[in-house]
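Reading through the structure tokens given below for one structure.
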Amino acid sequence: MFSLLVRLAWEDQMKKEKNTTPSGEDYLEAILILQRQKGLVRPVDIARHMEFSKPSITHAITTLLRGGFVEKDKEGFIPVSYTHLTLPTTPYV
């Protein structure tokens, strides 16, 4: 269910802005899952979760930062920008 909401929000955002890639959805979903599990998410957490290299994660995070989907605080944690990504209010079944 959570994955479906993320996918719907991502697809809606992709329609509005053409500067994102479908693979960005996977990174964003991983960040949201880790945020629910741990609270705070670092790039190394994403790399371990997705079993990708740290440079790949850094590149993806940079792309998501430019698109306004995530932010990065002084300590390096990555909160999702919920103001930029609107989740649907009614679930689709």
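The values are calculated or read from the model by the stated rules, or taken from the named source; none is laboratory data. Not measured: the values here are computed from a predicted model. No Cβ is skipped: glycine too gets one built from the backbone with ideal geometry, and neighbour counts run over all protein chains shown. Accessible surface is based on the protein model in full, side chains and every heavy atom, while ligands, DNA and RNA are left aside. Shrake-Rupley method; radii C 1.70, N 1.55, O 1.52, S 1.80 Å.
Details
- Residues located in segment 53-73, provided they are over 13 Å from residue 31 (Cβ atoms) and in a loop (DSSP other than H, G, I, E, B): 53, 68, 73
- Looking only at residues in segment 64-86 that are aromatic (Phe, Trp, Tyr) and modelled with pLDDT under 85, the one that is least open to solvent (accessible area, probe 1.4 Å) is 69.
- Here the condition is being polar (S, T, N, Q), at pLDDT below 85 and open to solvent by 80 Å² or more (accessible area, probe 1.4 Å); of 89, 21, it holds for 89 alone.
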